[in-house]
Amino acid sequence: MSEITTPPDEVVTNALLRQVDLSAFGASGSLALITLDNGHDHTRPNTFGIQSLNSLNDAITAAESSDAVAIAIIGKPFIFAAGADLSGISYVAKREQSLAFENWDMTSLNDLEEARRLPLPLSMDLL
């Protein structure tokens, strides 16, 4: 991904992984829960730039490697994610850079889709 330059002003959305014991919900095993959070309140929604997608990829890989029976991804309170981080658009000088970012974004989503276990949609109010 050398064609992709990380903009200096990217607000990184971190993908924080934790294991949740499912016995309290009447199930056995644990859930690999990935929480997306950029460290700001709801007035600055989560977005996905290069560093954010790397963080999500790392969390998905770690979740797949764990003994969790399922993977779930949630956002911080009030918002999941707004989409791509457009703050770096002014750093795109060539068409190839734009296409490389699009391919990198799709790689993250494909990794999730190809995970051994399907993600479970959860309400943030459950945990």
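Every number here is computed from the coordinates shown, using simple stated rules; none is lab data. Computed from a prediction, not measured in an experiment: that's the story for all the values here. Cβ placement follows ideal geometry from the backbone for every residue including glycine, while neighbour counts extend to all protein chains displayed.
Each residue of segment 70-85 was assigned a 3J(HN,Hα) from its phi angle through the Karplus curve 6.51 cos²θ - 1.76 cosθ + 1.60 (θ = phi - 60°); the sequence is 7, 10, 10, 10, 10, x, 5, x, 6, 7, 8, 6, 8, x, 5, 7 Hz, with glycine and proline shown as x. Say each of residue 51 and residue 64 gets a label point 7 Å from the Cα, pointing the same way as Cα to Cβ; how far apart are those two points in nm? Result: 2.5 nm between the two label points.
In this structure, the amide hydrogen of residue 13, modeled 1.01 Å from its nitrogen in the peptide plane, lies closer than 5 angstrom to those of 47, 49, 52, counting only residues at least 5 positions away or on a different chain. For segment 1-86, the direction-averaged projected area of the alpha-carbon convex hull comes to 6.5 nm².
Mean sequence separation of contacting Cα pairs (under 8 Å, at least six apart), scaled by the length of segment 11-92, corresponds to a relative contact order of 36 percent.
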